[in-house]
Amino acid sequence: MQRLTTQEAADFLGISRPAMVKLLDQGKIRYDPLGRHRRILVSELLAYVERRGEQRRAALDQMTAEASAAGLYGGRPEEYAAALKKVRKRPAGNDAPMRSRVSGLVACEPADRANRSITRYEV
């Protein structure tokens, strides 16, 4: 049973430590108190990730069904269900959404040549 600190758990979820503490205080993730500290079991963290994914999928399915019923899409609900299933099967780490967000950005030389660690972008 591996236990994580609140900072390690927050890093795993990609959120801030205060946001992690809020999830713990709300009872969304179980933890073990250790004096003044909190330790989160990896299994509890993974269970939360799974629950959150299920909630997101259910919300997306509901929104798709409602939009289709309202006539916002030209296709049938079955077509959207098949498309969603196909998208969900994509392997993790697909950076296509990131590329589309930054496709209009062009890397430029740093304004201060002495500080080469800073790269600025122009649209």
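Throughout, read-outs are computed from the coordinates displayed, never taken from laboratory work. Predicted, not measured: the structure shown is a model, and the values here were computed from it. Cβ: placed from backbone, ideal geometry, glycine included. Neighbour counts: every protein chain shown.
Could you give log10 I(q)/I(0) at q = 0.14, 0.23 Å⁻¹ for the stretch 3-88, computed by the Debye formula over C-alpha point scatterers of equal weight, without solvent? Here log10 of I(q) over I(0) equals -0.61, -1.01.
A Förster radius of 35 Å combined with the Cβ-Cβ distance from Thr5 to Leu72 puts the calculated FRET efficiency at roughly 0.20. Counted residue by residue at 0.36 nm each, then reduced by the alpha carbon distance between them, the extension gain from Ala81 to Leu34 reaches 12.4 nm. Compared with the direct C-alpha span, the chain from Val42 to Gln26 gains 3.9 nm at full extension, assuming 0.36 nm per residue.
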